[in-house]
Structure formats: structure tokens, C-alpha cells
Amino acid sequence: MAYTSVQPLTLADFLAQYGDNPRYELADGELIDMEPTGPHETVSGKLATQLGIAITEAQQPWFIPRTCLIRPFADAATARRPDIVVFRRNRDCP
């Protein structure tokens, strides 16, 4: 990972400028340029596949989004893009 900004960004600024770009995360106001390696992508892809198979076989109401942006703390200028995350389906997300 390479840090690309020295001036802190607000969460609103990050979302406006980089929210749709899966290459960037925000950590405590710092823009982070994500640079996953081939082996990293291979491991996360295989793990997501195995989780998906297990979810399907167990007939659970869960899903693994291909991309997402998570704000872990309400009071911090942080937005993370996890390699793998599992969510429960609900009425708003079929």
C-alpha cells in the first residue's frame, strides 16, 4: 500500500472523489492507494469461492459482495474495502 495524500480528507470528500473507485481506502483521513499482489488476489478469490460454496450448501441467507465500502467507526474519517466480507440478506437486499 502506498500513502498518496498528506492533507487529511473528510469522509464526505473521500466519497465524492473516490467512493466509486475500488482502488482507494480512507484511514483516519489519509488516502490509501491499494496495491494487491497476484498471490493476495489468488488467496482472497479462493477463500471467497469456498465461503460461497459453504453458504450455498448450508442454504444460509448470506452473500459476499464483490465490492463494498465499510465505515467501521462513526466518528472517524475511515472507509475500508475488505478483501472478503459476508453479509446477511434482508428485505432491502434480496
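This table checks each residue for (1) of a type in the set (V, I, T); (2) without any contact (Cβ under 8 Å) to a residue 12 or more places away in the chain; (3) loosely packed, with under 11 Cβ neighbours inside 10 Å; (4) on the phi > 0 side of the Ramachandran plot.
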{"site": "A54", "(1), (2), (3), (4)": "no, yes, no, no"}
{"site": "E57", "(1), (2), (3), (4)": "no, yes, yes, no"}
{"site": "I70", "(1), (2), (3), (4)": "yes, no, no, no"}
{"site": "A74", "(1), (2), (3), (4)": "no, yes, yes, no"}
{"site": "R80", "(1), (2), (3), (4)": "no, no, no, no"}
{"site": "I84", "(1), (2), (3), (4)": "yes, no, no, no"}
{"site": "F87", "(1), (2), (3), (4)": "no, no, no, no"}
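Within region 9-23, the residues that satisfy the criterion of being under 16 Å from C68 (Cβ atoms) and either in contact (Cβ under 8 Å) with a residue 40 or more places away in the chain or part of a loop (DSSP other than H, G, I, E, B) (or both) are L11, F14, L15, G19, D20, N21, P22, R23.
Within region 57-94, which residues are modelled with pLDDT of 90 or more and of a type in the set (V, I, T)? Within region 57-94, I64, I70, T78, I84, V85, V86 qualify. In this structure, does T37 turn out to be under 25 Å from R88 (Cβ atoms) and of a type in the set (S, T, Y)? For T37, the condition - under 25 Å from R88 (Cβ atoms) and of a type in the set (S, T, Y) - is not met.
The values are calculated or read from the model by the stated rules, or taken from the named source; none is laboratory data. The structure presented is a predicted model; accordingly, all values stated were derived computationally and were not measured. Every residue, glycine among them, receives a Cβ derived from its backbone with ideal geometry; neighbour counts consider all protein chains shown.
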